[in-house]
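Down below is the structure, laid out as structure tokens.
The values are calculated or read from the model by the stated rules, or taken from the named source; none is laboratory data. Remember, it's a predicted structure, so these values are computed and weren't measured experimentally. When we count neighbours, we look across all protein chains shown, and the Cβ atoms used for this are built from the backbone with ideal geometry, even at glycine.
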């Protein structure tokens, strides 16, 4: 059997890089799309056999670009087994000071981008009558955070999007789920000041920061494992028991 084909959008962040490596280690062919820092994807790809990880430049706000990425993957490999959408930007500000541009930028990338990616991937998955989609949200999208109304709204929106698509696509045997990481050792959380970081850790039952591989392993299971086929429309929080 040929390798499963997975498209990862937003792959050039720390979590995305780890996921691409983990999927490749487990035999998948990964089409790794990033908007910036493509050289990071190229470096990871160099650690694997040629073609195991395929770095591509992606503007997640462009429907045409996402369609080209998905259609190209199907043309090269004959099918599309899974889509993981990890794209995220931050433009933090208190609501009364938040500009329309700050709101629109975050919602366009984090939520509209996921919609466009899902729309592009759904067509070949419906045709082949199989597929898995996972949207990467955030604990912030489940709980809300002061100063992040735009980010939290966009990430919360992924839950509604996934649950709706799970209903629409179930008859085509396409599964749609959400993974919501909490405090993880990624470049985003490394930017937190020590006081804020300590305060967040106090709300984590396990009293430690999560590891990237702990998120990647769940994502890998959801998109590749044959025993995860009765899960759709679900939200999985990887947060160490945050309260």
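For region 209-228, does any single residue satisfy the condition of being free of Cβ contacts under 8 Å to residues at least 12 places away in the same chain and farther than 22 Å from residue 9 by Cα? There is at least one residue in region 209-228 that is free of Cβ contacts under 8 Å to residues at least 12 places away in the same chain and farther than 22 Å from residue 9 by Cα.
Output the residue which, of all residues in region 23-53 that are in contact with a strand residue (DSSP E or B) (Cβ under 8 Å, 6 or more places away or on another chain) and in a helix (DSSP H, G or I), is surrounded by the fewest Cβ atoms within 10 Å (Cβ to Cβ). Steps first, please.
Narrowing region 23-53 to residues in contact with a strand residue (DSSP E or B) (Cβ under 8 Å, 6 or more places away or on another chain): 23-24, 28-35, 38, 40-42, 44-45, 51-53.
Then drop every residue that is not in a helix (DSSP H, G or I), which leaves 23-24, 38, 40-42, 44-45.
Details: 23: 26, 24: 21, 38: 17, 40: 19, 41: 24, 42: 14, 44: 21, 45: 20.
The selected residue is 42.
Within region 89-131, if we keep just the residues that are in contact with a helix residue (DSSP H, G or I) (Cβ under 6 Å, 6 or more places away or on another chain) and more than 23 Å from residue 34 (Cβ to Cβ), the residue that is surrounded by the most Cβ atoms within 10 Å (Cβ to Cβ) turns out to be 103. With respect to residue 56, is the statement that it is crowded, with 24+ Cβ neighbours inside 10 Å and free of Cβ contacts under 8 Å to residues at least 60 places away in the same chain true? Considered against the rule, which asks whether it is crowded, with 24+ Cβ neighbours inside 10 Å and free of Cβ contacts under 8 Å to residues at least 60 places away in the same chain, residue 56 comes out as no.
So that you can scan it fast, the table gives a plain yes or no per residue for (1) within 30 Å of residue 144 (Cβ to Cβ); (2) free of Cβ contacts under 8 Å to residues at least 60 places away in the same chain; (3) within 15 Å of the chain's Cα centre (by Cα):
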position	(1), (2), (3)
32	no, yes, yes
46	no, yes, no
73	no, no, no
97	yes, yes, no
101	yes, yes, no
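Just one residue in the set 211, 197, 171, 220 is closer than 20 Å to residue 17 by Cβ and surrounded by fewer than 19 Cβ atoms within 10 Å (Cβ to Cβ); that residue is 211. Give the residue, chosen from 183, 200, that is at pLDDT below 95 and either touching a helix residue (DSSP H, G or I) at 6+ places or on another chain (Cβ under 6 Å) or closer than 21 Å to residue 70 by Cα (or both). 183 is the lone residue from the list that is at pLDDT below 95 and either touching a helix residue (DSSP H, G or I) at 6+ places or on another chain (Cβ under 6 Å) or closer than 21 Å to residue 70 by Cα (or both). Could we say that residue 202 is loosely packed, with under 14 Cβ neighbours inside 10 Å and at negative phi here? Spelling it out, residue 202 is indeed loosely packed, with under 14 Cβ neighbours inside 10 Å and at negative phi.
One line per residue, one yes/no per condition, for (1) more than 25 Å from residue 217 (Cα to Cα); (2) free of Cβ contacts under 8 Å to residues at least 12 places away in the same chain:
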| residue | (1), (2) |
| --- | --- |
| 107 | yes, no |
| 117 | no, no |
| 125 | no, no |
| 128 | yes, no |
| 146 | yes, no |
| 152 | no, no |
| 160 | no, yes |
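Just one residue in the set 6, 70 is assigned to a strand (DSSP E or B) and either surrounded by 21 or more Cβ atoms within 10 Å (Cβ to Cβ) or out of contact with any helix residue (DSSP H, G or I) (no Cβ under 6 Å at 6 or more places or on another chain) (or both); that residue is 6.
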